[in-house]
1. Which residues, counting only those in the range 67-87, are modelled with pLDDT of 95 or more and touching a helix residue (DSSP H, G or I) at 6+ places or on another chain (Cβ under 7 Å)?
2. If only one of 67, 88 is out of contact with any Asp or Glu (no Cβ under 8 Å at 6 or more places or on another chain), of a type in the set (Val, Ile, Thr) and in a helix (DSSP H, G or I), which one is it?
3. Restricting the search to the range 41-74, which residues are out of contact with any strand residue (DSSP E or B) (no Cβ under 6 Å at 6 or more places or on another chain) and either exposed (fewer than 15 other Cβ atoms within 10 Å of the Cβ) or among the aromatic types (Phe, Trp, Tyr) (or both)?
4. Scan the range 45-55 and give yes if some residue there is farther than 21 Å from residue 115 by Cα, in a strand (DSSP E or B), modelled with pLDDT of 95 or more and touching a helix residue (DSSP H, G or I) at 6+ places or on another chain (Cβ under 7 Å), otherwise no.
5. Is it the case that residue 93 is modelled with pLDDT of 90 or more, surrounded by fewer than 16 Cβ atoms within 10 Å (Cβ to Cβ) and either within 14 Å of the chain's Cα centre (by Cα) or of a type in the set (D, E, K, R) (or both)?
6. What about residue 114, is it in contact with a Phe, Trp or Tyr (Cβ under 9 Å, 6 or more places away or on another chain), farther than 23 Å from residue 11 by Cα, touching a residue at least 12 places away in the same chain (Cβ under 8 Å) and buried (at least 17 other Cβ atoms within 10 Å of the Cβ)?
7. Looking at the range 117-128, can you tell me whether even one residue there is part of a strand (DSSP E or B) and either surrounded by 16 or more Cβ atoms within 10 Å (Cβ to Cβ) or more than 12 Å from the chain's Cα centre (by Cα) (or both)?
8. Taking only the range 9-26 into account, find how many residues are modelled with pLDDT under 90 and either of a type in the set (Ser, Thr, Tyr) or surrounded by fewer than 12 Cβ atoms within 10 Å (Cβ to Cβ) (or both).
Amino acid sequence: MALKLEKISLVSSTFEAKAGAEEANYQLSLTNYKDKKLLGPNSFAADITLGFDLFGKEQKKVKFRCVWALHYSGSPEDEALLKEHIVVAHAIPYLREYAVNTLMRAGFCQNLLDPTNAFRLWKSYQSAKETPKQ
């Protein structure tokens, strides 16, 4: 059995835009990563929740945050294949499609979302998580 992404769901989303928000700079960040893994004698499953912020906390005119849930299954050997940055990479196309559609309907530029390096996004999340808050 091979590792398989069986399900991806949008769990929640918050979008708020004030006048002039169309000029806001896009700053995608990973804000949350939680995983729950179940290992059986002949199977492996993982439920992973990812939180994203598309504009960052510094933007006062626009907020766009969403949470996605992914479900994977496979054999016990497949657990080693499921790296965090790979999970982030799997979610990005769904996030991009959802965000572009929502932002376009709100009057934002259609080409707002730049290509995203999932590994760098994961490393930024890890760094922010390890840095003590002041």
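1. Correct list: 68, 70.
2. Just one listed residue meets the conditions, 88.
3. Within the range 41-74, 41, 42, 43, 57, 58, 60, 61 meet the criteria.
4. Scanning the range 45-55 turns up at least one residue that is farther than 21 Å from residue 115 by Cα, in a strand (DSSP E or B), modelled with pLDDT of 95 or more and touching a helix residue (DSSP H, G or I) at 6+ places or on another chain (Cβ under 7 Å).
5. So residue 93 passes the test.
6. no
7. no
8. As a first pass, look at the range 9-26 and keep what is modelled with pLDDT under 90: 17-26.
In the following step, the residues that additionally are either of a type in the set (Ser, Thr, Tyr) or surrounded by fewer than 12 Cβ atoms within 10 Å (Cβ to Cβ) (or both) were identified as 18-20, 23, 25-26.
The qualifying residues number 6.
The values are calculated or read from the model by the stated rules, or taken from the named source; none is laboratory data. Computed from a predicted structure; not experimentally measured. Reconstructed Cβ throughout: ideal geometry from the backbone, glycine too, with neighbour counts over all protein chains shown.
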